[in-house]
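See structure below.
The values are calculated or read from the model by the stated rules, or taken from the named source; none is laboratory data. As the structure is a computational prediction, the values presented were derived from the model and not from experiment. For neighbour counting, all protein chains shown are included, and Cβ atoms are generated from backbone atoms with ideal geometry for every residue, glycine included.
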Amino acid sequence: MTLSFPDYDPRWQIRYAAMVTEAQLAVRRIKPGQRVFLGSGAAVPQLLLRALINERSRLADIEIVTLFVAGELPPLMRELSDIFTINTFFIVDSVRELIKVGKADYTPILISDVPRLFASGQLPLDVAMIQVTPPDKDGQVNLGINVDVVRSATENAHLILAQVNSHLPRTFGDSSFSIWDLDLLIPGDEALPELPPPPMDDVLARIGKHVAALVPDGATVQTGIGRVAQSVIHHLAGKKNLSIHTEMISDPILDLLQSGALSDNIDGAPEPERIVSSFALGSNRLYDAVRDNAVFRFRRTEYINDSQQISRHQRMVSINGALQVDLTGQVCVDSLGTQFYSGIGGIVDFNNGAAAAAEGRAIITVPATARKGKRSRIVAQLTPGSGVALNRGMIHYVVSEYGVAYLFGKTIQERALALISIAHPDFRVSLLKRAVKLGYVRPEVGDVDGQTWVGSRELRTSLLLENGQMLTFRSSRPTDWKAIKKMLYSLSEGTVYRRFMSHVKRFPFNRLKNFTFIDQRRDVVVVGTVFDGQNELIISIGGYNVDGPSNRAEVAFLVRDEWQGQGIGSFMMRHLANMARSAGLAGLTAETLVDNRPMQGVLNKCGFSVTSRSDGDTVHFDIDF
């Protein structure tokens, strides 16, 4: 069934003449000392706001409560902060400087709690100034692109002043209600403020690709406010059967819709309820797209930000940005030290909802640096004064342009090493030193000074075995040491002896770190992994160490016993040889026990010129490129 709205009532100003008035007359109903809710986002009733400012000579101590204001405030608003004090639940550019100098207020709160704040009377609203569409022939008006907390404010304020704007698009969902729920109607057609899509750069693109790899087909996706989270949407175009349940939609959602990623894969058309949001903020292209379009549903905050409702979506994926993440996993989102910057918003609601969902994933994105690369956003300790929106126990995935750190259920040491691995290379050594000093990682790690652990993206490859099993090969990471230890202790005595040429019984950390703390500018260690349904299992490891004077490197590798005989060793040898050749090395060397025939066969068939000599117990190989 196709949904549609009744036609607008062309004679509404005559039909509801008793409610229609001018803006200046309407705001004269507002008295000194009252609390006024201001409609949020791009639906701020600018006509009423300007009229209110014009009444400044008779007003005092007016508190203006809002979720957030898109676009610029009227210039006089900054000069009249002694009369009009803004109290916002989320800080944006238009009020940030006022808050910084103490001329506006910020209320830190979960967005899901704001409607309760209004309904309980804890923050009673005297007046609500909102924006609505013209009424239709059934007497229904529409909140358009901002339902969020506006619906609750409208239900709980004593006096409702509504600017009627035909530029406001009519939307489906919880947007419509009776005109008789309003007190005064103020005709005022005005263009909506636009927010252009964020420009894409290399950092955003790399973060987007890492996040997209974590989003499965059939997922329900939330993206938070901010250029990083919104830019991720561009990289979801290749997915299938996605749905959107989010606070905000912006222009990138239109490209995702056009890509077919939101289709039902049956007739190619998106289903109703495929895109559910509480507000839209973007260009006129977006506003035109949502107008009278049942594909988009705008729901009130009580529904959108309800963690239990969010958790009902199978494969719920939340994607939110952070200002800072410390090495234990604490996340700051609303302040830069003691300076408030944005707001808690819905990050807690969606993080907890996604974490509780079946096959859900809660993702935090953070560019590795700030201030043009001068500061790391991944820090040993949060800047003093920073607020913790998500504590250590609530974090699952953290993504920077350098990779993905999975923290849930991990020790402090594992967390610290994982986060250092995705920090900017310029800050990794200093972060490691601080981690050792703070006791986050064991002291033995401290002597890896200068080893950057930067794995080239060229190291990543894959191998499809004849039995259909897919193996992934990538550079080793500091967080791999436990998995490598597990692998080494699983090996048979014969495999251990052939690889290490001795009967090794123990693999202490000092030995394991040689596999994980690698200066990838010089040496290479690659692990072969397979996903066992829950975890990444390391089944092979290999690499080479460069000898500077000879411009050659010694190569070695091993494969778990149950995976041997399937061509994995030969594949790793060719891969490592190609990497060494690309790095400008003259060749490789290797040593095997004289009776290690399988390894000798792999070396002899590597595809390059091979010479060998035996000294009795061992065979030495020279491989020339």
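Side notes on the structure shown:
- Criterion: over 20 Å from the mean Cα position of the chain (by Cα) and more than 26 Å from ASP202 (Cα to Cα) - qualifying residue of VAL388, VAL348, VAL429, VAL436: VAL436
- Verdict on ARG312 being basic (Lys, Arg) and either at pLDDT below 95 or within 25 Å of LEU390 (Cα to Cα) (or both): yes
Conditions (1) part of a strand (DSSP E or B); (2) more than 37 Å from the chain's Cα centre (by Cα); (3) at pLDDT 90 or above; (4) within 22 Å of SER462 (Cβ to Cβ), marked per residue:
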residue	(1), (2), (3), (4)
GLN566	no, yes, yes, yes
ARG574	no, no, yes, yes
GLU591	yes, yes, yes, no
GLN600	no, yes, yes, no
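- Any chance ASP615 is closer than 23 Å to PHE500 by Cβ and either in the same structural domain as MET470 (by TED's automatic domain parsing) or not β-branched (Val, Ile, Thr) (or both): yes
- Subset of the stretch 395-430 (residues that are aliphatic (A, V, I, L, M) and surrounded by fewer than 20 Cβ atoms within 10 Å (Cβ to Cβ)): VAL404, ILE412, VAL429
- Checking each residue in the stretch 98-112 for being assigned to a helix (DSSP H, G or I) and buried (at least 16 other Cβ atoms within 10 Å of the Cβ) picks out LEU98, ILE99, ILE111, SER112.
- Residues that are out of contact with any strand residue (DSSP E or B) (no Cβ under 8 Å at 6 or more places or on another chain) and over 18 Å from ILE518 (Cβ atoms) within the stretch 539-549 comprise just one, PRO549.
- When the stretch 307-333 is filtered for residues that are farther than 29 Å from THR479 by Cβ and among the charged types (D, E, K, R), only ARG312 remains.
- Just one of the numbered conditions (1) modelled with pLDDT under 95; (2) closer than 19 Å to ASP126 by Cβ is not true of LEU76: (2).
- Of the helices (runs of 4 or more DSSP H) entirely within the stretch 1-77, those holding at least 3 residues that are under 41 Å from the mean Cα position of the chain (by Cα) and surrounded by 14 or more Cβ atoms within 10 Å (Cβ to Cβ) occupy 46-54.
- When THR452 is tested against (1) part of a loop (DSSP other than H, G, I, E, B); (2) at pLDDT 95 or above, only condition (2) is not met.
- Checking VAL504, VAL546, VAL527 one by one, the residue that is touching a residue at least 40 places away in the same chain (Cβ under 8 Å) and either in a loop (DSSP other than H, G, I, E, B) or surrounded by 16 or more Cβ atoms within 10 Å (Cβ to Cβ) (or both) is VAL527 and no other.
- Of all residues in the stretch 319-334, one or more are small (Gly, Ala, Ser) and within 30 Å of VAL101 (Cβ to Cβ).
- Selection count, the stretch 276-303, where residues are of a type outside the set (Lys, Arg), within 20 Å of LEU195 (Cα to Cα) and in contact with a Leu (Cβ under 8 Å, 6 or more places away or on another chain): 9
- Taken over the stretch 592-611, the residue count meeting the criterion of being closer than 19 Å to ASP547 by Cα and surrounded by fewer than 17 Cβ atoms within 10 Å (Cβ to Cβ) is 1.
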